[in-house]
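A.B. asks: Below: one structure in structure tokens.
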Amino acid sequence: MGGNFKVTLLVKDEYDLTAEFFDYITINYPDIMVFVPAGEFMMGNAFGTGDSDEQPAHTVYLNEFYIDKYEVTNGEYAQFLTAGNAQHFQTGMKIKRLEDGRHVSIESYENHPVVYVTDESALAYSRWRGKSLPTEAQWEKAAAGTQQAIYPWGSLLENNFFNFWQSGDPFESAGGDAILTTPVGMYNGEKWNGYQTKYGASVFGAFDRAGNVREWCLDWYQADYYGISPAVNPSGPTSGIYRVTRGGSWADDPYHARTASRSHHLPLEPSPYIGFRCVK
């Protein structure tokens, strides 16, 4: 558990006179990551479906790495802002600035993934944590595993495996201008406020690899890159206009939440659909 907390001290003397003092304290979030071993996996779409930029399917070797078990949350990102990084705040985030200059998540959104974060800010957060953004290949291996499947949990598609557009999860009833994310790790096979979830983690134990929010990757986007990609630790083109984003969001349909599906976005353009997680 972590976050920014208000601690209040109430002092009462023998005459029942009282004085109240308070301050905010910060408890750091634990660094929860899952291990992805070195080895080969099949990258791209080998099912004869999908978009042209998912072809050709090709074998890729990656060194071992760790990836965040969950997407970076509003609570975690608020600590980053408070630690001298306020320039990375964006309007639309479920985060507010206190009078003393600290940042805290808006009530009830602390464990939801941060959105409206640019690629530049995601990189800055990653470096602050001593990590990096995943390459596109790292992202896909951590989501799909070594036995290629359509979704991180396999090929079966049901609404309560992950958060997607009109999936029926409890947060869709919020309406209005609400960000329709769900808490990270909610799809763990247990009931959440009466809503029965299915276990939607990847084979390596990382959650929300499909749906909730798309995630920034380190690579520049190139539609035909798979045809020229190196076979060992590919890191994407050396330049480009768009950065790769992977994984569907709360606003996408299941087709765009497949592990092989690729998407891209302007790196300095914040979006309610895009968040991130880190690797090291």
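The values are calculated or read from the model by the stated rules, or taken from the named source; none is laboratory data. These numbers were taken from a predicted model, which means no experiment stands behind them. Backbone-built Cβ (ideal geometry, glycine too); neighbour counts: all protein chains shown.
Condition check ((1) in a helix (DSSP H, G or I); (2) touching a strand residue (DSSP E or B) at 6+ places or on another chain (Cβ under 7 Å)) across all residues:
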{"position": "Lys96", "(1), (2)": "no, yes"}
{"position": "Glu99", "(1), (2)": "no, no"}
{"position": "Tyr109", "(1), (2)": "no, no"}
{"position": "Ala142", "(1), (2)": "yes, yes"}
{"position": "Gln148", "(1), (2)": "no, yes"}
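A.B. asks: All but one of (1) farther than 22 Å from Thr49 by Cα; (2) without any contact (Cβ under 8 Å) to a residue 40 or more places away in the chain; (3) in contact with a Pro (Cβ under 6 Å, 6 or more places away or on another chain); (4) not acidic (Asp, Glu) hold for Arg243, so report the exception by its number.
C.D. replies: It is condition (2) that Arg243 fails.
A.B. asks: Specify which of the listed residues (Trp192, Trp220) is under 19 Å from the mean Cα position of the chain (by Cα) and aromatic (Phe, Trp, Tyr).
C.D. replies: Unique residue meeting the criteria: Trp220.
A.B. asks: Shifting gears a bit: Of all residues in region 214-246, how many are in contact with a Gly (Cβ under 7 Å, 6 or more places away or on another chain) and part of a loop (DSSP other than H, G, I, E, B)?
C.D. replies: Within region 214-246, residues that are in contact with a Gly (Cβ under 7 Å, 6 or more places away or on another chain) and part of a loop (DSSP other than H, G, I, E, B) number 2.
A.B. asks: Looking only at region 254-266, decide whether some residue is among the polar types (S, T, N, Q) and without any contact (Cβ under 8 Å) to a residue 40 or more places away in the chain.
C.D. replies: No, region 254-266 has no match at all.
A.B. asks: Tell me the residue from Glu120, Glu71, Glu76 that is among the charged types (D, E, K, R), in contact with a strand residue (DSSP E or B) (Cβ under 8 Å, 6 or more places away or on another chain) and touching a residue at least 40 places away in the same chain (Cβ under 8 Å), please.
C.D. replies: Of the residues listed, the single one that is among the charged types (D, E, K, R), in contact with a strand residue (DSSP E or B) (Cβ under 8 Å, 6 or more places away or on another chain) and touching a residue at least 40 places away in the same chain (Cβ under 8 Å) is Glu71.
A.B. asks: Being in contact (Cβ under 8 Å) with a residue 12 or more places away in the chain, of a type outside the set (Ser, Thr, Tyr), out of contact with any strand residue (DSSP E or B) (no Cβ under 9 Å at 6 or more places or on another chain) and not in a loop (DSSP other than H, G, I, E, B) is the filter here, so list the residues in region 123-140 that pass it.
C.D. replies: Across region 123-140, the qualifying residues are Ala124, Trp128.
A.B. asks: Please tell me if Ser108 is in contact with a helix residue (DSSP H, G or I) (Cβ under 6 Å, 6 or more places away or on another chain), closer than 27 Å to Pro272 by Cβ and polar (S, T, N, Q).
C.D. replies: No; evaluated as a whole, the condition is false for this residue.
A.B. asks: So which residues in region 235-251 are crowded, with 21+ Cβ neighbours inside 10 Å, closer than 30 Å to Leu156 by Cβ and not β-branched (Val, Ile, Thr), if there are any at all?
C.D. replies: Arg246, Gly247, Gly248, Ser249, Trp250
A.B. asks: Another one. What number of residues within region 187-234 satisfy the criterion of being over 25 Å from Val115 (Cα atoms) and surrounded by 24 or more Cβ atoms within 10 Å (Cβ to Cβ)?
C.D. replies: Residues meeting the conditions: 0.
A.B. asks: Also, quick follow-up: Residues of region 61-94 being closer than 30 Å to Lys141 by Cα, assigned to a helix (DSSP H, G or I) and over 16 Å from the mean Cα position of the chain (by Cα), which ones?
C.D. replies: Gln79, His88
A.B. asks: Being at pLDDT below 95, assigned to a strand (DSSP E or B) and crowded, with 18+ Cβ neighbours inside 10 Å is the requirement here; does Asn45 meet it?
C.D. replies: Answer is no for this residue.
Rundown of residues vs (1) over 15 Å from Val34 (Cα atoms); (2) hydroxyl-bearing (Ser, Thr, Tyr); (3) within 18 Å of the chain's Cα centre (by Cα), yes/no style:
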| residue | (1), (2), (3) |
| --- | --- |
| Glu140 | no, no, yes |
| Trp165 | yes, no, yes |
| Thr182 | yes, yes, yes |
| Val203 | no, no, yes |
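A.B. asks: Only one of Ile179, Ile274 is modelled with pLDDT under 95 and either within 21 Å of Asn45 (Cβ to Cβ) or crowded, with 20+ Cβ neighbours inside 10 Å (or both); which?
C.D. replies: Answer to the selection: Ile179.
A.B. asks: For region 123-155, give me the residue count where each residue is surrounded by fewer than 23 Cβ atoms within 10 Å (Cβ to Cβ) and of a type in the set (Asp, Glu).
C.D. replies: Here the count works out to 0.
Each row is one residue, and each column tells you yes or no for (1) surrounded by 12 or more Cβ atoms within 10 Å (Cβ to Cβ); (2) at pLDDT 65 or above; (3) of a type outside the set (Phe, Trp, Tyr); (4) over 26 Å from Ala83 (Cα atoms).
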{"residue": "Leu9", "(1), (2), (3), (4)": "no, no, yes, no"}
{"residue": "Tyr15", "(1), (2), (3), (4)": "no, no, no, yes"}
{"residue": "Glu20", "(1), (2), (3), (4)": "no, yes, yes, yes"}
{"residue": "Asp31", "(1), (2), (3), (4)": "yes, yes, yes, no"}
{"residue": "Glu40", "(1), (2), (3), (4)": "yes, yes, yes, yes"}
{"residue": "Asp51", "(1), (2), (3), (4)": "yes, yes, yes, yes"}
{"residue": "Glu54", "(1), (2), (3), (4)": "yes, yes, yes, yes"}
